[in-house]
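For reference, the structure discussed in these notes is given below.
The values are calculated or read from the model by the stated rules, or taken from the named source; none is laboratory data. Source: prediction; values computed, not measured. Here the Cβ positions follow ideal geometry from the backbone for every residue, glycine too, while neighbour counts run over all protein chains shown. In case anyone asks, the SASA skips ligands and DNA or RNA and just uses the protein heavy atoms, side chains included. Shrake-Rupley method; radii C 1.70, N 1.55, O 1.52, S 1.80 Å.
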Amino acid sequence: MMDGLILAGGKSLRMEGKHKGFLVYNKETFMERLIREMKREAEHLWISYGTEIHASYEGCPVIMDEYPGCGPIGGIHAGLRQCQADAMMVAACDMPFLRAELYRHLKTKMGSADGVVPVVRERIHPLAAIYSKRILPVLEEQISNENYRLTNALIRLNIKYVDVTGMNEFEKMLRNINTVEEYGNLYEVKNT
């Protein structure tokens, strides 16, 4: 088993300030959907809110960023500090279609890599990935150097990139909802 982390500390600026985790799809909030799916694979599941707790969920302890204000790299760092398994699944709260099957698929590809990141049409999805706990020192170094781009840390690691282009189910899972317009168009995606 792996541990899991839901990243929910964003400012939601393009969503007119509404926290993306509270958006609803098929009568469930994005957070509820992600928690349900990730608990299928995660031994322990944490929620990273950055610096402001937006809500609590039973069985999902909240963790705060040790280094606030540096974006997803800070949340992943905080999650890996709490991680009790060798690896942790990471999910952004604006990806309501993520399912346990994607993480199962990625896990089979990880081998001895430091992490496994899905790719669709040459675009990487590092916030729907699996990372080994051993990447923690690299993240700490990046943060201490004020280099907060997660992709810059990934370049320094042995990351396995898994192309899921053409695998329609996985492509749909990697769709994120960033804007009011994207949320308004959400029901164009076939229900899951």
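For the reader, a short list of remarks on this structure follows.
- As a length-normalised measure over Cα pairs under 8 Å and 6 or more apart, the relative contact order of the chain settles at 24 percent.
- 27 Å Cα-Cα threshold exceeded, pairs from K20/K109; K133/K160; K39/K133; K18/K133: K20/K109; K18/K133
- For the chain, the per residue solvent-accessible surface stands at 49 Å², with DNA, RNA and ligands left out and a 1.4 Å probe.
- Farthest toward positive dipole pole in the stretch 18-133 [+1 Lys/Arg, -1 Asp/Glu at C-beta], among V119, S132, A78: V119
- Under Stokes-Einstein, with the Kirkwood radius over Cα pairs as Rh, the value for the stretch 122-185 at 37 °C and 0.692 mPa s is 235 µm²/s.
- Centroid-to-centroid, using Cα positions, the stretch 92-124 and the stretch 63-91 are 17 Å apart.
- Springs join every pair of Cα atoms under 10 Å in this Gaussian network model of the chain, and among T108, T151, T165 the largest mean-square fluctuation is at T108.
- Within the same chain, aspartates and glutamates fewer than 8 places from K107 are excluded, and of the rest, those with a Cα less than 19 Å from its Cα are D3, E37, E41, E43, D86, D163, E169, E171.
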